[in-house]
Amino acid sequence: MLVLITYDVSTSSEGGQKRLRHVAKVCQKYGQRVQNSVFECIVDSTQYMQLRIELESLIDENKDSLRFYQIGKNHKKKVIHIGVKEALDLEDPLIF
């Protein structure tokens with residue numbers, strides 16, 4: 001399933017920059033960055049729960065926020081992209 005993750009980590013507080021870097025690194029393990037604080041991740045239900053647990057353990061719930069949007073399996077019909085920074089198809093093989 002495709003999951004869209006957005007986050008807002010307060011960097012004005014102590015430890016905010018570190019939390020921000022850690023959140024981005026965890027998201028990069030599961031998907032690709034499509035905007036500064038937005039990631040698209042193709043995951044199964046187990047990976048989705050692992051991802052949520054990892055991210056929830058990193059943020060400060062009094063200062064930061066996370067949003068998870070479950071787009072589902074028919075995501076190619078639901079996502080429209082316009083403009084620069086065309087995203088890779090996460091389900092296609094990578095050729096180097």
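Brief remarks on what is shown
- Near the amide H of Val34, within less than 5 Å, lie the amide hydrogens of Phe39, Glu40, all on another chain or at least 5 residues away, with H placed in the peptide plane.
- Heavy-atom accessible surface of Arg52, to the nearest 10 Å², is about 80 Å², with a 1.4 Å probe and all protein chains retained.
- Computed from the C-beta positions of Asp44 and Ala24, the FRET efficiency with R₀ = 35 Å rounds to 0.95.
- For region 25-66, applying the loop criterion from DSSP together with a ceiling of 16 other beta carbons within 10 Å to the GluC sites (Glu not before Pro) yields Glu61.
The values are calculated or read from the model by the stated rules, or taken from the named source; none is laboratory data. The model shown is predicted, which means the values in this text are computed figures rather than measured ones. No Cβ is skipped: glycine too gets one built from the backbone with ideal geometry, and neighbour counts run over all protein chains shown. For the accessible areas, the whole protein counts, side chains as well, though only heavy atoms, and no ligand, DNA or RNA atoms are used. Shrake-Rupley method; radii C 1.70, N 1.55, O 1.52, S 1.80 Å.
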